[in-house]
Structure formats: structure tokens, C-alpha cells
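Everything below concerns the one structure shown next.
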Amino acid sequence: MFTRSFRGSFSAPKNVIESWIQKSPGFKDAKIEKIDEGIQKYIITPGGGANWAEVTINYLENKVDFYVCWS
């Protein structure tokens, strides 16, 4: 009946994004979908009661978008 969700984004140099991916445990088992040239979506197994978690990275623009929801 009640849903809570968060969307966010940030930009960072490529090496910072790659380091963030390596250090983030959710990326270990993530399913990767190629969206377009240089853009990948990571479907992450959510934790903490979340129902859905995804991260889309545009490697051409060094931009990260994320979405998490609970219901």
C-alpha cells in the first residue's frame, strides 16, 4: 500500500566510478544490461528490505544514475 523510492545521480571521473563499483558489494552479483554504446544498467539484488535496486552508468559522460524502491 505504501511505497518509498529514491532516485539520485552523480558525476565523477571514470577511475572514481570504477573504484566505487569495485568497493560496492551490490555490484558483485549484479545483472548487467547494455543499454546503448557506453551505457550499462546494473540490476542489483536489493538489501535492507528494498524490492528493487538499479544503477545506470553512462561511461561516455561519466554519469551515474541510481534508483531504489521499497514497498
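The numbers here are math on the coordinates, done by the rules we state, and not lab data. Just so it is clear, the model here is predicted, and its values are computed rather than measured. So basically every Cβ, Gly included, is an ideal-geometry build from the backbone, and we count neighbours across all protein chains shown.
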³J(HN,Hα), Karplus 6.51/-1.76/1.60, whole Hz, each residue of segment 12-25, x for Gly, Pro | 7, x, 3, 5, 6, 4, 4, 5, 4, 4, 4, 8, 8, x
Among 14, 41, 23: highest mean-square fluctuation, GNM of the chain, C-alpha pairs under 10 Å | 23
Taking a straight Cα-to-Cα line shorter than 16 Å from residue 34, and setting aside same-chain lysines fewer than 8 residues away, one finds 63
HN-Hα J in Hz across segment 62-71 - Karplus 6.51, -1.76, 1.60, θ = phi - 60°, x for Gly and Pro = 6, 10, 10, 10, 9, 9, 9, 9, 10, 8
Which of 13, 42, 25 sits closest to the plus end of the dipole of the chain, meaning its Cα is farthest towards the positive end, when Lys and Arg get +1 and Asp and Glu get -1 on the C-beta?
-> 25
With charges set only on the Cβ (+1 for Lys and Arg, -1 for Asp and Glu), what does the dipole of the chain come to about its Cα centre, in debye to the nearest 20?
-> 220
